[in-house]
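So the structure is just underneath, and the comments pick up after that.
The values are calculated or read from the model by the stated rules, or taken from the named source; none is laboratory data. Treat the numbers as computed from the prediction; the structure is a model and nothing was measured. Cβ: placed from backbone, ideal geometry, glycine included. Neighbour counts: every protein chain shown. Side chains included, ligands, DNA and RNA excluded: accessible areas come from the protein's heavy atoms. Shrake-Rupley method; radii C 1.70, N 1.55, O 1.52, S 1.80 Å.
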Amino acid sequence: MNTDYIRYIKMIAQEGNVSRAAAALFISQPALLKALNKIEARLKIKLFTREKRRMILTKAGKVFLADGDKILDLEDILLKNMEAMSEEKKETVTLGIPGERGANMLPLLIPLFHKACPDYRLKTVEGYSEMLENFLLEGTIDLALYNLPVNTESLVWQKLADDYVVIGASKHSRFARKFDLSQNSLHSPYYISPQLLKDAEFNLVKKGRGTRRIAEQIFAAAKIHPPIYQEYDRHQTLVRVCSITDQLCVTPCHTPLQLGIADDMCFFTTERDLVNRQVIIAWLKERKLSEAEKKLIALAQVVAQKVGREDPCSFQVVDAILR
């Protein structure tokens, strides 16, 4: 017997009315009534009686529905088991990605990959830059999507998108009060001498994270060693904190925009050209990429550019205006 018939009887019993049951099942009333008559004719017994315009299960109908529910439960178990076995047969591509970047990219990337490679599963592992590189070296993941710099020669990488970086501070911070901010914005950061940062306190993410690496590069290039006020696990948290306190931060341009706090902050750079910590996807140098992995890289590039890294033409570095 078609299990749809069991669902029909169940819905009629639940609604007590053929019209309402048909509406709930998204079929016509004549079609449902025809199915009911067909079932009763085949079983040679009535499953319902009519009492005050309501369909009531007969004794046979109650037995039919009790046993029918068991059949539906078995069908559900069967389908789930078959689905699980089907998934087990699929090959897997494992992608490592930082949590904050994954929150922006994975909702777009996962469905695109499954559509392009239906015979593959995409498994994701979260971690910060140093952790992802170790996962690649250990063979825990196949690909890692994060930011330059890469700290090992055992990996090769492909650029996906640009990711420009500025130094940010609250407009009400002690540091900001040194400047006339009338010309300052995220898209027109002030060029300043590195010496102005020498004694400025910074909030940074912990060592090994991508933005910590780029901050250390900026400090090294400027030949300064500013004091670190506090270290955080999450970059977005420290940027929010810096938007209301006296400490500075090193941040990709997109973070204040995504958090909706760009207007509460002022922005600076120690270089005429903004630092670009490119978004990349990396893998082991000796690894031969599968076709599915190549497809994932191509799709990741499309998504990385779509989710919004800033166009360098939209930035204009201007000389700082001191008070």
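Just from the alpha-carbon atoms, what are the Rg and Dmax of segment 241-323 in angstroms?
Spelled out, the Cα radius of gyration and Dmax of segment 241-323 are 17.6, 58 Å.
Enter the accessible area of residue 229 (Å², nearest 10), with the probe set to 1.4 Å and all protein chains included.
130 Å²
Shape call for segment 1-59 from the C-alpha gyration tensor, a ≥ b ≥ c root eigenvalues: rounded (a/c under 1.5), prolate (a/b greater than b/c) or oblate?
It comes out oblate by the Cα gyration axes.
Apply 1/(1 + (r/R0)^6) to the Cβ-Cβ distance of residue 244 and residue 305, taking R0 = 35 Å, and write down the FRET efficiency to the nearest 0.05.
0.65
For residue 125 and residue 172, compute 0.36 nm times the residue count separating them, minus their Cα-Cα distance, and round to one decimal in nm.
That works out to 13.0 nm of additional length.
Could you calculate the contour length gain from residue 180 to residue 287, that is, 0.36 nm times the residue separation minus the distance between their Cα atoms, to one decimal place in nm?
33.2 nm
Using only the alpha-carbon atoms, how far is helix 3-15 inclined from the longest principal axis of the chain? Give it as 0 to 90 degrees, nearest 10.
Taking Cα atoms only, the helix is inclined about 90 degrees.
Could you tell me which residue out of 48, 220, 298 lies farthest along the dipole of the chain toward its positive end? Charges go on the beta carbon: Lys and Arg +1, Asp and Glu -1, centred on the Cα centre.
48
Which label marks the calculated value of Cα extents along the principal axes in Å, given the options (1) 95, 50, 34; (2) 100, 72, 38; (3) 92, 42, 41?
(1)
Quick check on segment 103-193: take the gyration tensor over C-alpha atoms, sort the square-rooted eigenvalues as a ≥ b ≥ c, and tell me if it's rounded (a/c under 1.5), prolate or oblate.
The shape class here is prolate.
Taking R0 as 56 Å, what's the FRET efficiency between residue 62 and residue 115 from their Cβ-Cβ distance, rounded to 0.05?
Once the sixth-power term is evaluated, E becomes 0.75.
So, with a 1.4 angstrom probe, what is the percent of accessible area on segment 61-144 that is carbon and sulfur?
Answer for segment 61-144 is 56 percent, counting heavy atoms of protein chains only.
Rounded to the nearest 0.05, what FRET efficiency is calculated for residue 272 and residue 103 with R0 set to 22 Å and r the Cβ-Cβ distance?
0.10
With a 1.4 Å probe and every protein chain left in place, tell me how much accessible area residue 273 has, in Å² to the nearest 10.
Per-residue accessible area (residue 273): approximately 120 Å².
Note down the nm distance, to one decimal, between modelled labels 7 Å out along Cα→Cβ at residue 69 and at residue 54.
1.8 nm
Could you provide, to the nearest whole Å², the per residue accessible area of the chain with probe 1.4 Å?
Averaged over the residues of the chain, the accessible area is 54 Å².
Take residue 316 and residue 153, extend 7 Å from each Cα along the Cα→Cβ direction, and tell me the distance between the two endpoints in nm.
4.5 nm
In this model, which of 178/207; 115/288; 206/306; 171/207; 10/38 are farther than 20 Å apart at the alpha-carbon?
Going by Cα-Cα distance, 178/207; 115/288; 206/306; 171/207 fall outside the 20 Å limit.
Specify the residue with the greatest mean-square fluctuation among 27, 97, 218, computed from a Gaussian network of the chain linking alpha-carbon atoms under 10 Å apart.
The residue that fluctuates most here is 27.
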